[in-house]
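Report on the following structure.
The values are calculated or read from the model by the stated rules, or taken from the named source; none is laboratory data. What you see is a predicted model; the values in this text were computed from it and never measured. Methodologically, a virtual Cβ is constructed for each residue, glycine included, from the backbone with ideal geometry; neighbour enumeration extends over all protein chains shown. All accessible areas refer to the heavy atoms of the entire protein, side chains included, with ligands and DNA or RNA removed. Shrake-Rupley method; radii C 1.70, N 1.55, O 1.52, S 1.80 Å.
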Amino acid sequence: MKKLIQKNRKEITSKHKSLSIQFSLDGFSFCIKDISSKEPLLLSEYTFNKTLENPHLLEEKIKNIFETDKELQVEFDRITAIHQNQLVTQIPEDFFDENNLKSYLDYNIKTFSTDYITYDNLESLNAKNVYIPYVNVNNFLFQNFGEFEYKHHSTILLEHLVKNHPKDSKDSMYVNVSQKSIDIIIFKQGHFTLFNSFQYNSKEDFLYYILFVAEQLELNSESFLLHFLGNINQDFSTFALVKEYVKNVNFIEPEHDFLEESEHFFPHSNYILLS
């Protein structure tokens, strides 16, 4: 595993800390914040050498990290676990029935009778986010910390983007970039229209999904706004390729300056953990 770390350069004495952890089959990250000031104290990211084959291997990785990383071996007043996967779909409140969670996911992914399916509230969208969490990781965290909150990564991403997106803006696409996947969020005429995630193995894959979604939603590549966030900057080959086909490309402005002078992270990276 490759580890990156960023600590706050300010002198902050914190008596009450919160821990947010985000994990997928590609990696594990965590952020420690001071609860009273909401200031990030530390951000750490572990990137796995290859995508793990199943959640059981992920649990083993996470156990090893908790056993060896001293930053995680302190008392926390609040813990949030963020599950990052593609096992998710959004359902408007008017069509939502808590007794039919499996049927919503069956349209998009293969589910099994043993899957535990839950949902988060998407209050700003008047909808529910239905998904399959990594139950074994939740069990490990409960055994070690007791009560904690957990959410799907898209819940946090969508809530913050909807809250901060200008209501009267042009058609926009937000692309949240991870090591092997991208989340694409579309706003048309200021209104949330679509969320989807895609796995990519090359810069051509990366470009294809962006252009495919734009075509399906009838976004004009000369006029729509493309905002990148996550693990990407202007030196990436993926960015350069997209710039050849989409005119208006930029990076999202974070609500903090924690990573402004970081050696390892871009200012707009780890948007979900730092939100």
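When each of the peptides 254-260, 113-119 is scored by how many other beta carbons lie within 10 Å of its residues on average, the order from highest to lowest is 254-260, 113-119. Close amide H contacts of L194 (hydrogens built in the peptide plane, cut-off under 5 Å, sequence separation of 5 or more or a different chain): I186. When you restrict to C-alpha pairs under 8 Å that are six or more residues apart and normalise by the size of the chain, the relative contact order lands at 15 percent. Computed on the Cα trace of the chain, the radius of gyration divided by the Kirkwood hydrodynamic radius gives Rg/Rh = 0.95. Taking every DSSP bridge with both residues inside the chain, close to 70 percent are antiparallel. Highest average first, the peptides 196-207, 121-132, 92-103 ordered by how many other beta carbon atoms sit within 10 Å of their residues are 121-132, 196-207, 92-103. The residues of segment 110-214 expose on average 48 square angstrom of accessible surface per residue, using a 1.4 Å probe on protein heavy atoms. Protein heavy-atom surface of segment 1-81, 1.4 angstrom probe: 45% of the accessible area is carbon and sulfur, with nucleic acids and ligands not counted.
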